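Below is one structure, written out as structure tokens; the observations come after it.
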Amino acid sequence: MTGFEASNSIQPQRNVRQYRLKRKRIKTNLIPIIIMFVLVVFLCANHYTLLRSYENLKNDLSEAYTEINNEKQLKQKIDSEDARLKQEYEILRQEYNSLKENNSKVSRSSGDLSRQLDVMKKQNSELSKQIEDLVNDNIALQNTLKMAASLGVEPQNFTVFKGLEPRTAINRGKYIGKFLGTAYTPSKEECGNDKGITRSGKPIIPGVSIAIDNRYWPFGTVFYIKGLGYTVAMDTGSAIKGKYRFDFSVFDKEFAKKLGSRKWEVYLVKLGTGNVKNIKL
């Protein structure tokens, strides 16, 4: 071998060593780079995770704030409704107290009215008894009047009135006005005979039979004449003309003169049919 060749033979060994040193140096420098890269990747991943967590937390907080606002609005509505209900309750309570007080007053008034009603019932019972007594007194006076009317001249035919029975009320009927009334006797001087038969064909009844204008009042019509009592249209007369005119039958001339000619208040009890049958007053 020559020296030159020897030198060439050593050069590759030096290159190998340098290469190895470079590789070792590269490896030494690469490890920190890799570690740094890994750290950077880790930090980026961690940052991304934190960012996502932050976004999620942010969304959760936003939803929480929305829920809180909704809850606040709901609470405000509930408070408003509670205030309204309290106000209505107060109004209802006042109305209840007022009704309770009114009910108490009504109860007391009801008790007073009940007592007054009992008193009125008692008074009404007493008044009914007094009215019944007055009615019977009226009936007794009518019977006395009709008995007085039956005294005096007696015609051939007449019916003795037996009197009205006691009753609890007087049926006066409908008021029809004031009539001009006179009295007559069934004597020859006034009637031209003493037969005592009325124009209706029935015997005269003193104190009951009256003469009327039968163009207006058919025979059998029942009247109540205030002061004379019940009468029946049974006769006519030449001087008895018009709707508001009657002649009252009595047997005593002096009694007829005492009655004279005057206005009487007349009530229509029952309109007749033209026939006098079963006279019932």
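The values are calculated or read from the model by the stated rules, or taken from the named source; none is laboratory data. Because the structure is predicted, anything quoted here is derived from the model rather than measured. Cβ placement follows ideal geometry from the backbone for every residue including glycine, while neighbour counts extend to all protein chains displayed. Each accessible area value is taken on the protein alone, full model and side chains, heavy atoms only, with ligands, DNA and RNA left out. Shrake-Rupley method; radii C 1.70, N 1.55, O 1.52, S 1.80 Å.
Things to note:
- Of all lysines in the structure, those lying under 22 Å Cα to Cα from Lys72, and not within fewer than 8 positions of it along the same chain, are Lys58, Lys86.
- Reported label for calculated volume of the Cα convex hull per residue in Å³ given (1) 125; (2) 340; (3) 139: (2)
- Measuring nothing but protein heavy atoms, the accessible surface of the stretch 131-170 at 1.4 Å probe radius is 59 percent carbon and sulfur.
- The stretch 12-94, accessible surface, carbon-and-sulfur percent (1.4 angstrom probe): 62 percent
- Note on the stretch 81-205: semi-axes of the ellipsoid equivalent to its C-alpha gyration tensor, largest first and rounded to whole Å, are 71, 18, 10.
- With a Förster radius of 51 Å applied to the beta-carbon distance between Asn138 and Arg108, the computed FRET efficiency rounds to 0.70.
- Helix 3-149 and the long axis of the chain differ in direction by around 10°, with both axes built from C-alpha atoms.
- Computed from the C-beta positions of Lys263 and Gln116, the FRET efficiency with R₀ = 35 Å rounds to 0.25.
- A 1.4 Å probe run over the protein chains yields, for the stretch 150-281, 55 Å² of accessible area per residue, whole-number rounding.
- Expressed as a whole percent, the accessible surface of the stretch 172-233 that belongs to carbon and sulfur atoms is 47, based on a 1.4 Å probe.
- Exceeding the 24 Å Cα-Cα cut-off - candidates Lys146/Lys226; Lys129/Lys270; Lys202/Lys241; Lys100/Lys122; Lys162/Lys202; Lys146/Lys263: Lys129/Lys270; Lys100/Lys122
- Peptide ranges 241-254, 105-118, 186-199 listed from the most packed, as the mean C-beta count within 10 angstrom indicates: 241-254, 186-199, 105-118
- The alpha-carbon of Lys195 sits under 15 angstrom from the alpha-carbons of these aspartates and glutamates, leaving out residues fewer than 8 places away in its chain: Glu154, Asp235.
- Probing with 1.4 Å while keeping every protein chain in the model, the per residue accessible area of the stretch 46-139 equals 89 Å².
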